[in-house]
Every structure is written in structure tokens, then in C-alpha cells.
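As C-alpha cells, the structure follows; a few thoughts come after it.
The values are calculated or read from the model by the stated rules, or taken from the named source; none is laboratory data. These numbers come from a predicted model, not from an experiment. Please note: Cβ atoms are built from the backbone with ideal geometry, for glycine as well, and neighbour counts cover all protein chains shown.
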């Protein structure tokens with residue numbers, strides 16, 4: 001029982017008959033004042049994608065309650081009242097960054113992969129395909145870079161947002177309405193991918209179609225696409241497997257497709273204690289997301305086969321996968337050269353990213369920075 005709970009439970013007669021009673025009365029008054037002193041902060045949290053997708057579900061089921069839990073543990077001076085805008089109710093996938101910067105939401109998920117013009121340096125992971133399929137490692141490296149590299153910090157700042165933490169998804173696989181046993185099977189096919197996944201698709205001789213996750217199902221169903229290079233969690237969450245019964249495991253790598261970010265103006269108004277808790281929970285959100293993603297991979301494939309008995313799950317051979325990767329142009333070097341020509345320190349960012357991964361034991365098929 002807490003001090004305040006025991007105070008409320010004390011008999012009123014005792015409080016009237018003793019000096020100790022005066023102390024209890026004083027304690028009760030203190031507890032009442034403390035309760036009144038707690039500040040409720042109203043924050044809107046949003047995402048362009050639905051809560052059926054794991055990184056959005058974790059925002060609601062982990063991030064929100066964990067912030068309030070830690071605020072309570074820190075002295076209960078503040079609590080957050082969350083107003084939710086998930087599932088694209090406040091903004092769509094093509095307006096995630098501007099919606100946070102403009103204050104449509106206070107905190108939200110930024111689909112950074114489709115923000116190449118506003119977040120050019122943050123695209124580095126998109127142009128280094130098939131390096132690693134482990135999202136935990138990728139998020140660690142991206143977070144470290146955003147903590148230490150001024151150029152990355154500035155591009156978030158000029159969009160009036162505060163970077164909190166990265167979100168790297170599960171590794172890319174191939175989902176199609178036709179069977180695939182070799183890279184040549186993709187030649188001339190219309191294969192979708194979000195943002196910078198296009199070069200990966202093109203490297204296989206297919207025609208890339210830029211399509212965010214919520215659009216993929218209808219695009220395949222209506223014939224606009226023959227399939228997609230995407231993540232299994234998206235396929236499970238959007239039921240893309242209903243129209244793409246051929247699942248080919250290719251492990252084309254993960255990358256930081258998004259981030260949690262905060263409106264800069266609102267952030268400045270927040271008490272330091274709240275900012276510290278939000279930052280800490282954000283980083284733990286990334287770690288929890290990455291670990292959960294790795295643990296659930298086999299389950300997603302099992303779900304696909306259970307929900308669609310016609311689904312055929314195969315694995316592209318190592319030789320064909322290597323052929324796919326080797327036959328790609330050096331998209332990393334090309335990206336760095338183009339961005340450097342615009343005055344951006346892209347080669348520095350590319351090298352830092354690849355060095356960060358190699359330092360964590362990753363041995364890529366291709367060193368995109370060399």
C-alpha cells in the first residue's frame with residue numbers, strides 16, 4: 001500500500017485524537033496536492049498505415065502505454081492523453097513528413113523511403129540492397145548515424161521535425177501471381193515496390209512500379225502489377241497473398257524504411273522530463289520491433305500458407321540470388337555520385353552506413369561503397 005493509499009485508509013477518529021493524526025491529515029493534503037499537480041499533456045499520434053501492420057500496432061500497444069508507465073515511475077508529474085490517428089485517418093503515405101512538420105499530428109510515423117526529395121541522405125539504406133536481413137542491426141546503425149552526423153540531423157530539422165528512432169522492416173521477398181525459379185522469370189514483368197525498392201526490381205529485368213503497401217493488393221488484382229518485392233509482414237497484414245500465391249524467398253535485405261518523428265515546435269514546448277522519456281521509449285520501441293520481427297518471420301509464412309492453401313512457397317537458389325545482386329548496377333555508388341553533385345555529403349553517409357554494418361559483423365555480397 002502506498003503512502004497516499006494508507007492515508008486515505010486511516011480512521012478519522014484517530015486523526016482527531018492524536019498528534020499523529022495531524023501528521024496523517026498533512027500527508028493526506030500533500031497527496032491531494034500531488035494528484036492535482038499532475039499535468040496532462042494531450043498529444044496526437046498517427047500513421048499512414050493501419051494497426052494490422054506490426055510497426056504501427058507497436059506504436060499503439062507498446063509506445064503509448066510505455067511512455068505513460070515511465071512518466072508515472074519518474075514521479076507521476078506528467079501523463080499523456082493520446083489522440084490516435086492511425087490507418088491514414090489524418091494523412092496518407094505520400095504526406096507523412098509534411099503532416100508532422102505542419103503539426104497535423106504531434107508525433108507520427110514517417111515513411112522516409114518515399115521522401116527522397118526532402119530526406120535525400122536518409123535514403124542511403126534504400127540504395128544498398130541485400131546487405132543484411134536483420135532489422136535490429138540496421139536500426140542500430142541508422143540511429144547511431146542520426147545521433148552523430150550533423151548532415152542527417154539537419155535534413156530532419158529543416159522539415160520542422162525531430163527524429164526519434166528508425167524503423168527497419170523484415171527482409172524483402174518476392175510475391176507474384178506467376179511462378180519464379182530463376183531471375184530471368186522476372187524479365188518484363190511489372191513488379192511493385194515502395195519508394196527506392198525500384199532499383200532492386202529493375203536489377204532483375206522487371207519493370208518497377210512505385211506502390212506503397214496499402215495499394216499493392218488492388219494493383220495486382222486489377223492487373224497494374226504482376227507482383228511485388230516487399231516485406232512479409234505487409235503481405236500478411238494486407239492479405240496480398242490472396243492475389244500473389246507464388247511466394248519466393250529471396251532475402252533482398254532490410255533497410256530503414258521509416259522513422260518515428262515529432263513536430264519540432266511541439267517538441268520545444270514539451271517538458272524536458274517528457275522529452276527524455278519519449279526518446280528513451282522510442283529507442284526501445286525500435287529494438288522491440290526488430291526483435292519481434294525476427295521472431296515472427298516463420299509465423300508470417302505459415303500464416304500465408306494457412307490462409308491461402310494455394311500458396312506455393314519456394315526459395316530462390318543462392319546462385320540465382322547472387323546473380324540478381326551482382327547484375328544490379330552499383331546503385332549505392334550511383335546514388336552517392338548524384339547526391340554529391342548536388343552538394344550533399346552522400347559518400348560520407350554511404351561509407352558510414354556500410355562501415356557501421358561491417359563493424360557489427362555483416363559481410364555483404366557487394367560493398368556498395370567501394
Only one of 48, 113, 122, 99 is within 30 Å of residue 338 (Cβ to Cβ) and part of a loop (DSSP other than H, G, I, E, B), namely 48
Among helices (runs of 4 or more DSSP H) completely within the stretch 209-294, the ones holding 3 or more residues that are surrounded by 23 or more Cβ atoms within 10 Å (Cβ to Cβ) are 213-221, 232-238
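May I ask you to verify whether residue 251 is under 30 Å from residue 60 (Cα atoms), touching a helix residue (DSSP H, G or I) at 6+ places or on another chain (Cβ under 8 Å) and not assigned by TED's automatic domain parsing to the domain that holds residue 152?
yes
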Meets criteria (in a helix (DSSP H, G or I), out of contact with any helix residue (DSSP H, G or I) (no Cβ under 9 Å at 6 or more places or on another chain) and either farther than 27 Å from residue 229 by Cα or assigned by TED's automatic domain parsing to the domain that holds residue 323 (or both)) for residue 72 | yes
May I ask you to list the residues in the stretch 304-319 that are in contact with a helix residue (DSSP H, G or I) (Cβ under 6 Å, 6 or more places away or on another chain) and without any contact (Cβ under 8 Å) to a residue 60 or more places away in the chain?
-> none
